[in-house]
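The values are calculated or read from the model by the stated rules, or taken from the named source; none is laboratory data. Being a predicted model, the structure only gives us computed values, none of them experimental. Neighbour counts are summed over all protein chains in view; Cβ atoms, including those assigned to glycine, are modelled from backbone coordinates with ideal geometry.
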Amino acid sequence: LQVLSNQFLELNENQVPTGRLLDVTDTPMDFRQLKLIGKDIESDDLQLRRTNGYDHPWMLQERENQIAMVDEISGRKMTVSTTCPSVVIYSYNYPNQEKLKGGKTGSKYDGICFETQYEPDGINHEHLHKGILDIGERYYHKTKFEFSTI
């Protein structure tokens, strides 16, 4: 996984953003270079312990190909580009007993989700986007998931 982001939003003990932007440097949240998703997922990092894995908003700097996920075994690659200012990356930390394709029951970390959006809880933090539209204002954002081979 690679995420072009220098900062992520800190979450409190209730998994709600505090509004504090933290630097990804030297943390398990640093995906600026391609890194195995599970490399640090079970580390003793407070942010990961609070969510049982990844479930955090990353602030996006670029506007093209901000996220890349590569499977070197199959040769598949997915890139994500968005006009949204952030992405919440969720690593399927709390699986339920639903059956997946092929009848398998999902296990912790079996999946990953990229939720492009305004910063969660921005309405309660002055420096974050409020996510509120005025009367007559149009909402327009674009997210592109592109699949290719390496």
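Kindly indicate whether any position in the stretch 94-109 is outside any strand (DSSP E or B), surrounded by 12 or more Cβ atoms within 10 Å (Cβ to Cβ), among the charged types (D, E, K, R) and more than 12 Å from the chain's Cα centre (by Cα).
Yes: one or more hits.
Is the stretch 95-109 home to any residue that is among the small types (Gly, Ala, Ser), out of contact with any Gly (no Cβ under 9 Å at 6 or more places or on another chain) and more than 30 Å from residue 42 (Cβ to Cβ)?
There is no residue in the stretch 95-109 that is among the small types (Gly, Ala, Ser), out of contact with any Gly (no Cβ under 9 Å at 6 or more places or on another chain) and more than 30 Å from residue 42 (Cβ to Cβ).
For residue 74, all conditions in the list (1) touching a strand residue (DSSP E or B) at 6+ places or on another chain (Cβ under 9 Å); (2) without any contact (Cβ under 8 Å) to a residue 12 or more places away in the chain; (3) at positive phi hold save one; what is the number of the exception?
That leaves (3) as the condition not met.
Which pairs turn up if I take residues in the stretch 1-19 that are more than 29 Å from residue 78 (Cβ to Cβ) and look for partners that are part of a strand (DSSP E or B) with beta carbon separation below 9 Å, at least 6 apart in sequence or on another chain?
Sorted first by the residue in the stretch 1-19, then by its partner, the pairs are 12/18; 18/9; 18/10; 18/11; 19/9; 19/10.
Among the residues of the stretch 1-19 satisfying the criterion of being within 16 Å of residue 85 (Cβ to Cβ) and not in a loop (DSSP other than H, G, I, E, B), which is farthest from the chain's Cα centre (by Cα)?
19
What pairs can you find where one residue is in the stretch 50-64 and at pLDDT 95 or above, the other is surrounded by 13 or more Cβ atoms within 10 Å (Cβ to Cβ) and among the basic types (Lys, Arg), and their Cβ atoms are less than 9 Å apart, with a gap of 6+ or different chains?
So the pair list comes out as 52/108; 53/108.
Checking the conditions here, which among 112, 89, 67, 41 is over 30 Å from residue 140 (Cα atoms) and of a type in the set (Val, Ile, Thr)?
Result of the check over 112, 89, 67, 41: 41.
Take the stretch 24-75 and flag every residue that is assigned to a loop (DSSP other than H, G, I, E, B) and of a type in the set (Gly, Ala, Ser).
Within the stretch 24-75, 38, 43, 53, 74, 75 qualify.
Among the residues of the stretch 53-69, are any touching a His at 6+ places or on another chain (Cβ under 8 Å) and under 17 Å from residue 113 (Cα atoms)?
For the stretch 53-69, residues touching a His at 6+ places or on another chain (Cβ under 8 Å) and under 17 Å from residue 113 (Cα atoms): absent.
Out of the residues in the stretch 116-133 meeting the condition of being surrounded by 12 or more Cβ atoms within 10 Å (Cβ to Cβ) and hydrophobic (A, V, I, L, M, F, W, C), tell me which one is nearest to residue 66 (Cα to Cα).
128
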